[in-house]
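None of the figures in this text is laboratory data; all of them are computed from the coordinates on show. This is a predicted model, so every value here is computed, not measured. Using ideal geometry, Cβ is built from the backbone for each residue, glycine included, and neighbour counts are taken over all protein chains shown.
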Amino acid sequence: MAREKLSKVNWLTICLFSFMGGVAWNVENMYFNTFMYNSVYANTSQAVQAGVMAPTTAISRMVALSAIAAVLTTFLMGTLSDKLRNRKTFIAVGYIIWGIITAMFGFITKENVAALFHLSDNVKILATTVWAVIIMDIIMTIMGSMSNDAAFNAWVTDITTPKVRPLLETVLTVITFLSAGVVMGVGSFAQSGAVSYVNFFIIVGVVVSICGIAGLFLIKEPEVRVQKTADSSGYWADLFYGFRISSIKENARLYLTFLCIGFTTIAFQVFFPYLLVYLQYVIIPENGGKEMISTSVIITAAIVAVLLLAGVIVLIKLSKRNKSLCIICAAILSCIGLFVVSTSTDIHILLIGIAPAVLGYLILTIQFNASIKDFIPKGKAGLFQGVRMIFVVMIPMVVGPYLGDLACRNSNITYQNEFGISTVVPSKSMFLYAAIVSVFVFIPLFFLIKKGFSVEKSEEAD
């Protein structure tokens, strides 16, 4: 049964699992991509690459296929966890296996693949290695989606009420960015070659598995009053509950919110899978390489950080008085920031543009995720996690990276390594594509604002 206030144990559990889930997802979404560039495609000739696929295309396919796997898993496991009323096992065991698979990832090399399958042709070796990475990514995604997207998100919805969710989503979003920062900091050693990818993935995997073991003792199953309906008593009936016309009509605000967060996330996914590669091969070389960090860059970054923090505080306070105006401001800031970043590769412009882009995305994520939890019918949190994943993961991670890959290949910006091999790298045009996509959020947002964000008083307390 949801309480007005979360217990200290629940806060600890939420923070721990959201942080470690964020670490695992960010390793997959950010460093599997650099792993593909820096390890799998390393020292391969242009002729060999032409016989397989461009690295940006490989990343796009990996992201898209893992997104589809994530949605299917969330549908099946989210509904099953509703039926069994057992989130704990799905979360804890899922995290343990999730970590084990992550630890195994670094052992996928062209040398190991060639030895395992007795291959000698370089094209076949690269193609097999690329698909080995993609398949392992899919398996890892299945475990992550079962434990985090399906069970953990449903558990958090079960134990919270509309009053605590804005604060909760703020904390979760901050933790998401914190976990991304930690991963970028630690992962930069692997990206630069200071630490091997094998050690990097093993360390992350072990920590994620330890988190799962802790969950066996920390997670408590809540008592939830389920709204019984005659047509949703069976597993297969419940599996397709969210696709029924009647369900969509009854939960119109929920589906409008899905559309809003869908467009927001598509825009983000246009550039996010290629971001670290863009920084490594475009931004850093064009801004002086190792001498990039100058006094002006430090001052600009400091000002941006202060403005970003101030903006978050102002918009969160505004959301308490006028949630609609807060969301509109955030959406406008996101569009403007992405457009600014698309105009130049100068580090100062990047920092200036990234502030409103991140601020907008941060606030939109907080508000839309809180609204999704508010609008989900009581006792059906698991049923709707799969539908949520279609809009938050599958569509964005199929459409977004495809648009990013299209932008990169159309720009035809290449990087020539020390072996004289040219490879297509991300370009600033991907941010322009993202800015254009972000404009579309205003369409469902218009109708959502007309319907309002308020919830019934009966929903405030359980």
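Overview of results
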| read-out | value |
| --- | --- |
| Gap separating the Cα centres of the range 369-412 and the range 141-165, nearest whole Å | 15 |
| Dimensions in Å of the range 289-378 - Rg and Dmax from alpha carbons | 15.6, 55 |
| Computed over the range 8-456: relative contact order in percent, which uses C-alpha pairs under 8 Å that are six or more apart | 28 |
| CD proxy at 222 nm, helix term only [per DSSP H run n ≥ 4: -39500 (n - 2.57); per residue of the chain; nearest 500] | -23000 deg cm²/dmol |
| Kirkwood hydrodynamic radius of the range 73-132, Cα pairs, Å | 14.1 |
| Asn43 versus Ile436: modelled label distance in nm, points set 7 Å from Cα along the beta carbon direction | 4.0 |
| Cα centroid separation - the range 246-318 against the range 55-126, whole Å | 26 |
| Gain on full stretching of the segment that runs from Ser7 to Phe117 - 0.36 nm per residue minus C-alpha separation | 34.3 nm |
| 22 Å Cα-Cα reach of Lys163 towards lysines, excluding residues that sit fewer than 8 places from it in its own chain | Lys5, Lys8, Lys220, Lys317, Lys320, Lys323, Lys373, Lys378, Lys380, Lys450, Lys451, Lys457 |
| Amide hydrogen neighbours beyond the local backbone of Val425, cut-off 5 Å, H modeled | Ile413, Thr414, Tyr415 |
| At R0 = 22 Å, FRET efficiency that the Cβ-Cβ distance of Arg409 and Ile284 yields, to 0.05 | 0.50 |
| Exposure rule at most 15 other beta-carbon atoms within 10 Å, DSSP loop GluC sites (Glu not before Pro): the chain longest free segment | 5-222 |
| Sequence-distant lysines (8 or more away, or on other chains) whose Cα lies within less than 17 Å of Lys110 | Lys124 |
| Tilt relative to the chain, helix 122-144 - C-alpha long axis, 0 to 90 degrees, to 10 | 20 |
| Estimated D of the chain in µm² per second, where Rh is the Kirkwood radius over Cα pairs and Stokes-Einstein applies at 25 °C, 0.890 mPa s | 107 |
| ³J(HN,Hα) computed for each position of the range 400-407 - Karplus, 6.51 cos²θ - 1.76 cosθ + 1.60, integer Hz, glycine/proline x | x, x, 4, 5, x, 4, 4, 4 |
| Spacing of the two label points (7 Å from each Cα toward its C-beta) at Leu309 and Val171, in nm | 2.0 |
